[in-house]
Amino acid sequence: MSQLRNFSILAVTFFTTIALIGCTSEKEVATQQEAPRYVKLADVSEVTGADAFTFPAVVSAVKTVDLSFEVSGRLVQMDLVTGSDIEKGKLLATIDRQPFERRKDEQRTRLDQAKRELDRIEKMFAQSLVSQSSLDSAKTAYELAVIELKNAEQDLSYTELYAPFDAKVSQRLVENNSFVAAGTPIARLQDVSKIYFNINVPERLLTANLGRDIKQASATLATNRDQWYPVNYVEHSTQPDPVSQTYEVVFAMEPRPDLPLTPGARAVVKVTLQGSPYPNSVVVPVSALVEDENNGFAVWVYDEQTGSVSKETVDVDHIEDTMAIISSDLRAGEKVVAAGAAKMRADMKVRPYTGEL
């Protein structure tokens with residue numbers, strides 16, 4: 001009987017000890033689960049209102065024109081020095097005018113003869129000595145003679161070439177005393193009344209910034225970027241280059257004595273855009289993005305009041321280097337987990353860590 005009671009006491013003591021050990025383990029596990037995890041937080045920020053882009057550029061003339069005569073003949077005078085500046089209206093080249101002057105005199109004589117013949121026929125027609133058809137033929141001959149004289153005078157005027165605008169002689173293509181055919185270029189002129197800067201903008205960059213106005217644009221020499229000069233937008237192509245998939249954009253500035261730029265020179269253009277292509281978006285570090293259940297993206301948002309995190313689904317609009325532009329209900333100033341985001345779970349307690357993770 002005594003042995004039975006001792007066994008009962010021993011059994012009660014054993015199970016009590018086991019129960020105490022179990023309770024202690026559960027408390028330790030619960031304590032460990034509730035211990036906050038240190039995480040690196042990052043601020044949600046607004047998308048900047050202006051972006052600056054720098055492009056290599058090539059200087060070009062406003063336009064380049066090949067000069068040519070509209071009549072054929074031998075050059076007897078040329079005043080075209082390559083690289084020289086010429087003013088609008090200056091006589092540049094002349095074709096031998098003598099053959100054209102003789103033709104003009106010939107047509108004038110024919111016109112005088114046709115006029116005398118017409119006067120004679122009209123007098124005879126008034127006396128009913130000739131028919132109506134004779135009068136009509138005389139009138140036609142006179143009108144044709146007038147046209148031929150005008151053509152001769154026009155051809156004579158075509159024997160002289162004048163500068164169509166203030167320009168620079170880019171290239172002389174023929175020499176004096178050469179015979180030139182009508183339409184054959186004799187020189188190439190460049191309109192340098194303004195300096196054009198041609199840049200090539202990648203298609204993805206142009207598409208991403210559609211609708212944004214240019215806030216400021218400036219240009220400088222490619223070999224010396226100490227001094228920048230303001231330039232103005234002129235035009236841009238609406239179709240990309242089939243090989244490079246870039247759009248050509250042109251800027252211009254007035255010629256400057258302190259900026260020796262000639263067509264073909266290398267330059268640099270800096271363009272600053274107004275506004276933002278993502279007005280309703282915010283910026284977070286790329287490291288804050290985690291995979292969402294719907295094959296999208298999400299971030300873990302930190303709640304300072306509870307010290308816990310919650311998952312927020314986001315749409316990624318654009319990624320630039322280490323930052324991501326996202327669309328969501330997040331607002332600038334909120335905080336997201338930027339390091340260790342993959343280890344987070346709903347309502348998990350965290351503690352901000354200010355050191356390097």
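Things to note:
- Unique residue being farther than 18 Å from D79 by Cβ and touching a residue at least 24 places away in the same chain (Cβ under 8 Å) when the list is Y196, Y162: Y196
- Out of L91, L135, sole residue that is outside the structural domain of Q190 (by the TED database) and in contact with a helix residue (DSSP H, G or I) (Cβ under 8 Å, 6 or more places away or on another chain): L135
- V174 being of a type in the set (V, I, T), assigned to a strand (DSSP E or B) and in contact (Cβ under 8 Å) with a residue 60 or more places away in the chain: no
- Residues of region 245-267 that turn out to be open to solvent by less than 30 Å² (accessible area, probe 1.4 Å) and either at positive phi or assigned to a loop (DSSP other than H, G, I, E, B) (or both), as a count: 3
- Subset of region 312-331 [in contact with a helix residue (DSSP H, G or I) (Cβ under 8 Å, 6 or more places away or on another chain) and small (G, A, S)]: A324
- Residues of region 283-299 that are exposed (fewer than 11 other Cβ atoms within 10 Å of the Cβ) and in a strand (DSSP E or B): E291 alone.
- Subset of region 152-171 that is in a strand (DSSP E or B) and surrounded by fewer than 17 Cβ atoms within 10 Å (Cβ to Cβ) - its residue that is nearest to the chain's Cα centre (by Cα): Q171
- Meets criteria (surrounded by 15 or more Cβ atoms within 10 Å (Cβ to Cβ) and under 30 Å from R266 (Cα atoms)) for I86: yes
- Here region 89-119 is the region considered, the condition is being open to solvent by 60 Å² or more (accessible area, probe 1.4 Å) and acidic (D, E), and the residue that is nearest to the chain's Cα centre (by Cα) is E101.
- Residues in region 300-357 that are in a strand (DSSP E or B) and without any contact (Cβ under 8 Å) to a residue 12 or more places away in the chain were compared, and the one that is farthest from V39 (Cα to Cα) is E320.
- Taking every residue in region 120-142 that is in contact (Cβ under 8 Å) with a residue 24 or more places away in the chain and pairing it with any residue that is outside any helix (DSSP H, G or I) and open to solvent by less than 70 Å² (accessible area, probe 1.4 Å), at least 6 positions away or on another chain, the pairs with Cβ-Cβ distances below 9 Å are A138/V130.
The values are calculated or read from the model by the stated rules, or taken from the named source; none is laboratory data. Note that the coordinates shown come from a computational prediction; the quantities given were computed from them, not determined experimentally. Glycine gets a Cβ as well: all are built from the backbone with ideal geometry, and neighbour counts include every protein chain shown. Heads up: the accessible areas ignore ligands, DNA and RNA and are worked out on the full protein's heavy atoms, side chains in. Shrake-Rupley method; radii C 1.70, N 1.55, O 1.52, S 1.80 Å.
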